[in-house]
Amino acid sequence: MMNLIENFLLNTIRSGTPIMFALIGDLIGQRAGHISLSVEGAMLTGCCVGFAACYYTDNLLLAVLLAALAGAFVGFLQIHFNISCGADMFALALAINYFCSAVTNYFGASLISKSISGFGRIAIPLLSEIPLIGDAIFNQDILTYISYLLPIVVGFILFKTKIGTAIRTAGEVHQVAVAYGYNVRLLKYGAVMTAGILAAVGGVQLSCAYTMTWTADMAGGRGFIASALVILCSWKPGRAYMAAYLFGAAQSLQILFQLLAIPIPTNIVTMAPYVVTLIALAFISMNKNPSMPEELKKIGRPLEIQN
Amino acid sequence: MGNVIMRAENLRKVFGDFTANDGISFEIETGKIYALAGENGAGKSTLMKMLYGVYKIDGGRLFLDGEEMTKYNPSVAREKGIGMVFQDFRLVPAFTALENIFLSTDHTGEIFRKKELRKKVKALSEQYSLHVNPDEYVWRLDLGQRQHIEILKVLMNENTRILIFDEPTSVLSPNEIDAFLKLLTVFRDNGFAILLITHKIHEIVQVADVVHILRKGKLVHTFYQEEGFSEREIVTKMIGDQDQVEKEELIHVQAVFTGKEDTLPPDIDDRPILTAKAITIRDDYGRPIIYNADFSVSPGMILGVAGISGNGQRELTEMLYGIRPLSSGKLTMDGEDISNFSTRQRLDLGIRILSEDPIRDNLVPGYTVLEHMAISGFTYKKKGPMIDWNDLKEQVEECEEIKELKVPDVSRKAEKLSGGNIQRMAFARAVIAHPKLFIASYPSRGLDIATVSAVHETLERLKREGTAVIFISEDLNELFMMSDRLIVLSENSIFGSYKPSEFDSQMIGEVMLKGVKE
Amino acid sequence: MMQKMTVKAGADRPEIRKVLMRVLAGIFVPIGLFSIFLLTQRQNPLTVYRALVMCFAGSKYNVGEIAVEMTPVLLAGMAALIPAKVGLSNCGGEGQLIAGCLTANIVGVYLCSGLPGVVGIPIMLAAAAAAGLLWAAIPLFCKMKLNMNETLTTLLSNYIMYKLVAYMVFGPIKDTAGNNYPMSARIAEQLRLPAFAGTRANVMIFAALFVVVITAFVFAKTELGFKLRTIGGNERAAEFAGFSVKKARCWAFLIAGAIAGLGGGIVMSSVEFQMREATAHDLGYLGFLATGIAGGSPIVSIFTSFLLSALSVCGTSLEITTGLRSSASTILMSVILLTIFGLGRGRREK
């Protein structure tokens, strides 16, 4: 029984990590006034690039760096085509995801049944011996450890530094940021490319630390879920833990149900993360979102009113 | 006292083939209050933007401390001590006052050190009586307090020597205006130079040392305190054309109203067309912004609605028009309960509205003026399932009101019109239908005096034809001049209705600020 | 407070030269980029392009295949376009189409197997449309009553539909006669749409084109279309004019779902005949993307749908003639899509 709970918690955290990366990434982008549904494509690309790097070179750092580069490119496409070419944010994102899917399916075909050694787990002495939760929290791969720190670091930057406040201003009242001499374009490019980078690194964790495999369309909607969970977090980084591990728990229900012999068919259980996300979204959407960045409210509205 | 900080020499600004400013020269010394007067469209805003570095100077030169400014922008301006207090408040409503100040100043470092900043802000607050809670979210603050934050932002910069105010009192109540004018004298006595950009003459007369008058982009006259000046003289120089001055003078010249004559039949209040009883309206956050209030309006009457911005004007008009639900209470028109009527039903009853923001509420991108007329205002004929555009075009072009209000060519895309023209289009559209009830929300905002005159005339004509008019404005004198009855939105209530004999600036000003104790 | 008004808008009528440049760039940039890719795969770009063109122009059979692929893509495209015109973003055409496909199979196998085609096929297709409508109703409800973002809810519901199909084909509708593979039973012969001789194409391509043309006419020329476009242009302006925005949006969204579902039903009845885990995947997204680059014009989406369908179909034949994996054609398709987005004629931010 203990084993079951430990297993469940372990899986919750491990599967929550990619979401944490993508969520924090898109949170920064949304705070800047831009929704990046292409984090799905970025994550997928990170999965593939990271896995390929691990397979061919066994160099973990290289895997992360290459994935980050790919993610930055995806983020660049997302923001550039929107701001400088006027493409619709959502249709563009879906096209980008389609592109990432096409490219990774093609180049990743040869990686399909390969295995790698990937990211091993690193146990933190003493803490990892705490009963029940020690193993789950303190015996993880390095990317997961990094993901623990993301909300804190990003929270600090967004709320305690001038550049972070400028980013938030770009997402609230665009004109004010401009009026204070901030290069809003640069801020947005930076924010959205960061989203791509983080999502891609999350993808590396997914393929190289969690599943240790590569399959086509591996991200399976995690990017979209992360985007939706940003809303659940009310755009506050501190709430990311709750959101990411809510997903992780929903993802891990399968383990729980199997071992408890609950006879719900696998395919229904695998719906859980999506359904849970929808329910969470419903819950937060019902109370009129006072924390939604103003610029996001304007998406889909026709005119740019400029001073 | 009396150092020349800024000198402008023949400043000129051109947009395409339109000259917004031409040959403007003046000096600014410390310890003086300068007023820059002119009607809407005279070029005040453009000049100010050049002085602050937002617009590039197309001709002439600008000197600060004797040095010619060649690569001038807002950063340089701030460095040199120019502090701009904006009319539209460059504030982020979702942040606290302190966060906004942190954001705006170059001198607060990269990391947000709350305690330090708060101390500094409190010190300045005390010094100049600019009381505002630094940790309050800006969306909760009223406009007077927001202005305080804007001023604090400017004062945080220790270099600041010139304070430029752009239409600072347009959103303040009479009492707040008094406090503000006193503040200006405090700044002056502390050695600042003040540049006050406004079209409110009676304020200028109270505090200005020097008055520059702008008309059609040129500096036409300067008045000096030593030589004396009157409101009438200022208005005359501002407008130029004597005829138009006559009636509109009342708004600009007469500072204090103490009641006027009631020209309506005595039983008019007993024959209302619209009655609101015990109404409660909630704002976007679910709070009751108007609670348990009553009012009514009769045909052939202009009911003025006074109140500090943000006291429910928008919510009230949205409710009357069917866009916002009535939380409780009853709305009756011609005896019929219309509380739950849809907008379509209200349109059919003859209710029309001019929104406070025609761009937000009426403008459809990509649609021509003609298409906007099809959306509302005109009844088009149909050819099967299709609209007969040619017939509609004829209708629109032949319409008197359209010609009168100078609405431009109907096949232009409406979004390319100037703000004033969009306003005219929306106004024309609304009055064409000879409404039974017309709600005009800030109809004169941003328009030049000639057009404002036309707007006022149209409203009077509607009144003569029997329309019940609800007239919302931020200009108390305009309300006094135009209205037959007056209600005041304040403290989540509706006070009034006041008869013309009660149109007293002092009293109504108090009600706007504090309401009336029962 | 009234904002200061310097509203920026694109040129009233883009110069012909600019349009031409864009079209040319839209053709040659992807060709160029894809050629680079081909070279890295040790393929001769000229051979590949010739093979592609031969495929389009070549045989009657291929034309038929394109028509077969294009039918659901066109319909899914309308499922994205119609809500977009009233300001809603329906990314759920994928799931709505699959819902229709699944339902057509279930109705066909379990209810209509004894019925003649003339009766059975319309019932199947109607059921498919109803399924698409119902699947669209869920995110619609979430939007209207719970204020949830419909882009996200429709996207997530696509994944839920994938899982639902997986559950069905592994469980309740698994073909007992089928060697225990996760697939459903096949629908009866008479329930399959009759094909034109020599190809797999059927009359439904014309039905789909008809739907597109009607949609174009309604929006461009009718009073109803004018009102709907107003709602999409500025929701508040439409409210101020007394239009019933909520009602229009609900109808538009549900009709969109039905159209996508119908597309799925056609897929089942014309080429698939049975349901597997991956049946009808990506058709919905292709339709969405085809409309996305069509600038809101249903007529233009006919051409973009044709292009994407043709490339999709010919990608498979590429593998035979050049040895290039068929997934390469999706790379070409996605590069074309991105290029067109990159050339976009939307409003630029300052």
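The values are calculated or read from the model by the stated rules, or taken from the named source; none is laboratory data. Small disclaimer: the values here were computed from a predicted structure and weren't measured. Neighbour counts are summed over all protein chains in view; Cβ atoms, including those assigned to glycine, are modelled from backbone coordinates with ideal geometry. Side chains included, ligands, DNA and RNA excluded: accessible areas come from the protein's heavy atoms. Shrake-Rupley method; radii C 1.70, N 1.55, O 1.52, S 1.80 Å.
At a glance:
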| read-out | value |
| --- | --- |
| Residue list for the stretch B:139-191, restricted to those being closer than 18 Å to B:A35 by Cβ, assigned to a helix (DSSP H, G or I) and among the acidic types (D, E) | B:D178, B:D189 |
| Pairs, first more than 14 Å from chain A (Cβ to nearest Cβ) and among the small types (G, A, S) in the stretch B:277-288, second assigned to a strand (DSSP E or B) and open to solvent by 50 Å² or more (accessible area, probe 1.4 Å), C-beta under 8 Å, six or more apart | B:A278/B:N292; B:A278/B:D294; B:A278/B:S328; B:A278/B:K330 |
| The stretch B:380-389 - residue that is over 38 Å from the mean Cα position of the chain (by Cα) and not hydrophobic (A, V, I, L, M, F, W, C) and, of those, nearest to the other protein chains (Cβ to nearest Cβ) | B:P385 |
| The stretch C:311-341, residues that are open to solvent by 30 Å² or more (accessible area, probe 1.4 Å), more than 9 Å from chain A (Cβ to nearest Cβ) and at pLDDT 90 or above | C:S312 |
| Residue within the stretch C:182-204 that is among the hydroxyl-bearing types (S, T, Y) and assigned to a helix (DSSP H, G or I) present | no |
| Which listed residue, of B:E336, B:E371, is open to solvent by 30 Å² or more (accessible area, probe 1.4 Å) and more than 14 Å from chain C (Cβ to nearest Cβ) | B:E336 |
| Hey, B:T160 under 25 Å from B:I28 (Cα atoms), more than 14 Å from every other protein chain (Cβ to nearest Cβ), of a type in the set (S, T, Y) and open to solvent by less than 10 Å² (accessible area, probe 1.4 Å) or not | no |
| Condition check for B:G310: modelled with pLDDT under 90 and over 28 Å from B:L479 (Cβ atoms) | no |
| Verdict on C:L224 being in a helix (DSSP H, G or I), among the hydrophobic types (A, V, I, L, M, F, W, C), more than 10 Å from chain B (Cβ to nearest Cβ) and closer than 25 Å to B:A430 by Cα | no |
| Test result for A:M218, open to solvent by 10 Å² or more (accessible area, probe 1.4 Å) and either touching a residue at least 12 places away in the same chain (Cβ under 8 Å) or within 26 Å of C:L164 (Cβ to Cβ) (or both) | yes |
| Identity of the residue in the stretch C:90-113, surrounded by fewer than 24 Cβ atoms within 10 Å (Cβ to Cβ) and touching a residue at least 12 places away in the same chain (Cβ under 8 Å), that ends up farthest from C:K227 (Cα to Cα) | C:S113 |
| B:S75 being surrounded by 20 or more Cβ atoms within 10 Å (Cβ to Cβ), modelled with pLDDT under 85 and closer than 30 Å to B:I24 by Cβ | no |
| Exclusive hit being open to solvent by 20 Å² or more (accessible area, probe 1.4 Å) and without any contact (Cβ under 8 Å) to a residue 24 or more places away in the chain, set B:R412, B:R461, B:R424, B:R445 | B:R461 |
| Residue within the stretch B:121-142 that is away from every other protein chain (no Cβ under 11 Å), touching a Lys or Arg at 6+ places or on another chain (Cβ under 6 Å) and more than 15 Å from B:Y52 (Cα to Cα) present | yes |
| Of the criteria (1) within 14 Å of chain A (Cβ to nearest Cβ); (2) buried (at least 21 other Cβ atoms within 10 Å of the Cβ); (3) hydrophobic (A, V, I, L, M, F, W, C), which one B:L51 fails | (1) |
| Residue in the stretch C:161-173 that is away from every other protein chain (no Cβ under 14 Å) and under 22 Å from A:T270 (Cα atoms) present | no |
| Residues of the stretch A:85-133 that turn out to be farther than 30 Å from A:I5 by Cα, out of contact with any helix residue (DSSP H, G or I) (no Cβ under 7 Å at 6 or more places or on another chain) and away from chain C (no Cβ under 14 Å), as a count | 1 |
| Residue count for the stretch B:99-119, restricted to those that are open to solvent by less than 40 Å² (accessible area, probe 1.4 Å), more than 7 Å from every other protein chain (Cβ to nearest Cβ) and either closer than 13 Å to B:V154 by Cα or touching a strand residue (DSSP E or B) at 6+ places or on another chain (Cβ under 9 Å) (or both) | 4 |
| Failed criterion for B:T317 (all others in (1) without any contact (Cβ under 8 Å) to a residue 40 or more places away in the chain; (2) buried (at least 20 other Cβ atoms within 10 Å of the Cβ) hold) | (1) |
| Tally, over the stretch A:158-193, of residues that are closer than 30 Å to A:W214 by Cα and either surrounded by 23 or more Cβ atoms within 10 Å (Cβ to Cβ) or at pLDDT below 95 (or both) | 3 |
| Selected residue (only one of A:S285, A:S291 is in contact (Cβ under 8 Å) with a residue 40 or more places away in the chain, open to solvent by 20 Å² or more (accessible area, probe 1.4 Å) and among the small types (G, A, S)) | A:S291 |
| B:P265 being touching a strand residue (DSSP E or B) at 6+ places or on another chain (Cβ under 7 Å), at pLDDT below 95 and away from chain C (no Cβ under 14 Å) | no |
| Residues (under 17 Å from B:L172 (Cβ atoms) and either among the hydrophobic types (A, V, I, L, M, F, W, C) or open to solvent by 20 Å² or more (accessible area, probe 1.4 Å) (or both)) located in the stretch B:464-490 | B:I472, B:E474, B:D475, B:L476, B:L479, B:F480, B:V488, B:L489 |
